[in-house]
1. Want the number for residue 3 to residue 80: 0.36 nm per residue separation, take away the alpha-carbon distance, what's left?
2. With every protein chain left in place, what is the accessible area per residue of the chain in square angstrom, probe 1.4 Å?
3. Could you order 53, 18 so the one with the most accessible surface comes first? Probe is 1.4 Å.
4. So how far apart, in nm, are the two label points at residue 47 and residue 68 if each is 7 Å from Cα heading toward Cβ?
5. Based on the Kirkwood radius over alpha-carbon pairs, what is the Stokes-Einstein translational diffusion coefficient of the range 1-96 at 20 °C with 1.002 mPa s viscosity, in µm²/s?
6. Out of the range 1-48, which trypsin sites (Lys or Arg not before Pro) are coil in DSSP terms and have no more than 13 other C-beta atoms within 10 Å?
7. Any chance you could run the full-extension gain for residue 23 through residue 61? It's 0.36 nm times the residue separation minus the Cα-Cα distance, nm to one decimal.
8. What GluC sites (Glu not before Pro) in the range 59-91 are in a loop by DSSP, with at most 15 other Cβ atoms within 10 Å of the Cβ?
Amino acid sequence: MPQLVFLPHKELCPDGAVLEAEVGETILDVALRNGINIEHACEKSCACTTCHVVVREGFNKLEESDELEDDMLDKAWGLEPESRLSCQAKVVDCDLVIDIPKYTVNMVSEG
Ligand code: FES
């Protein structure tokens, strides 16, 4: 069973977390199931960027993002080469290290 290592995030998981995941479920679903409440303003329909995460390890093992996801990611706060929308990126048979960005676009616009 692959493991998802979440790096510490001040509000969402201050101590970080190591979670068991099933192949095929999304990174977001694994987080939510374990009480890490990553924002998902569009209810996982690839229409916002609030579920943005950076995959620090294992990024290259993931299925490539599609055009729609890439278009949305362009608008994300703190975009990095290993950025993904966690509601779209599915777990594969490989451990991942996930970094949740400090802000989302929603929070930035609220100041
Ligand atoms: S929840 Fe909106 S794109 Fe993932």
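The values are calculated or read from the model by the stated rules, or taken from the named source; none is laboratory data. Small disclaimer: the values here were computed from a predicted structure and weren't measured. All Cβ positions, even for glycine, are placed from backbone atoms using ideal geometry, and neighbour counts span all protein chains on display. With ligands, DNA and RNA removed, areas are computed over all heavy atoms of the protein, side chains included. Shrake-Rupley method; radii C 1.70, N 1.55, O 1.52, S 1.80 Å.
1. Numbers: separation 77, 0.36 × 77 = 27.72 nm, distance 2.22 nm.
Working it through step by step, the gained length comes to 25.5 nm.
2. Working: 6160 Å² over 111 residues.
Accessible surface, normalised per residue, equals 56 Å².
3. Values: 53 0, 18 95 Å².
Ranked from most to least accessible, the order is 18, 53.
4. Result: 1.0 nm between the two label points.
5. Values: Rh = 13.3 Å.
In µm²/s, the coefficient rounds to 161.
6. Listed in order of number, the matching sites are 10.
7. Details: separation 38, 0.36 × 38 = 13.68 nm, distance 1.22 nm.
In short, 12.5 nm is gained.
8. Numbers: sites: 63, 64, 67, 69, 82; in loops: 63, 64, 82.
Here the sparse-neighbourhood loop sites are 63, 64.
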